[in-house]
1. Non-local amide H neighbours of residue 158 (under 5 Å, H modeled in plane, Pro and chain starts lacking H): which ones?
2. So how much slack lies between residue 131 and residue 151, counting 0.36 nm per residue of separation and subtracting their Cα-Cα distance, in nm?
3. Rounded, prolate or oblate: pick one for region 68-118, where a ≥ b ≥ c are the square roots of the eigenvalues of its C-alpha gyration tensor, a/c under 1.5 means rounded, and failing that, prolate if a/b is larger than b/c, else oblate.
4. Could you order the peptides 137-147, 11-21 from most to least packed, using the average number of other C-beta atoms within 10 Å per residue?
5. Sort 61-67, 22-28, 154-160, 93-99 by packing, meaning the average of other beta carbons within 10 Å per residue, with the highest value first.
6. Is any residue of region 95-132 close enough, with backbone N under 17 Å, to a label point placed 7 angstrom from the Cα of residue 7 along the Cα-Cβ axis, and if so, which?
7. Going highest first, how would you order 81-89, 121-129 by mean Cβ packing within 10 Å?
Amino acid sequence: MRLLGQRDHGEAELRRKLLTPPQPFTRPSSYKNRKNQQSSSPTVATAAKEKEVEEICPEQVEQVIAYCYEHGWLDDARFADRYIAGRSRRGLGAQRIRSELMQKGVDKEVINLALENCEVDWCTQAYELATRKFGQPLPVDWKEKSKVLRYLLYRGFFQEEIQSIYRDFED
């Protein structure tokens, strides 16, 4: 519940997090050295290390995933839509967002459908990002123009979208 309360998760991402055993809290090593110089009594971190970490059963994870689907708390399509909206606001292009969603385990068809249905104008987004970074008007000499191209490619925009900023948005 805490994981889903913080933000949306895809099924694969939630499953991976649930299968990872929780790590006990340990204090930073600088704190341990300072504490050991003051007294030689065992610390909280030492006591936590002595406790065994409880193993998580895959059947329990399946039950949790099914329960989340049953109550509508887990939906890959909704997760993809919100992820695309959030990442596009941060200036990332469709190509990079697609790659990130695939790394998170979202199905390819779900990603494609979400990208088709999103209301982001990627060409305008690329233009706004380029003008924010490189100023108005955009550079036209080859060396500076290649910097704009590399920057937008790194951010995940397609070549056609990058070319359109020079073709469609000329002043």
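Every read-out reported here was derived from the displayed coordinates using simple, explicitly stated rules and does not represent laboratory data. Values in this document were obtained by computation on a predicted structure and should not be read as measured data. Please note: Cβ atoms are built from the backbone with ideal geometry, for glycine as well, and neighbour counts cover all protein chains shown.
1. 94, 95
2. Numbers: separation 20, 0.36 × 20 = 7.20 nm, distance 1.17 nm.
Full extension of this stretch gives 6.0 nm more.
3. Working: a/c = 1.99, a/b = 1.68, b/c = 1.18.
It comes out prolate by the Cα gyration axes.
4. Answer by packing, highest mean first, reads 11-21, 137-147.
5. Numbers: 61-67: 13.1, 22-28: 10.7, 154-160: 16.4, 93-99: 19.0.
Highest-to-lowest ranking by the protection proxy: 93-99, 154-160, 61-67, 22-28.
6. 96-106
7. Values: 81-89: 16.9, 121-129: 18.4.
Output ranking for 81-89, 121-129: 121-129, 81-89.
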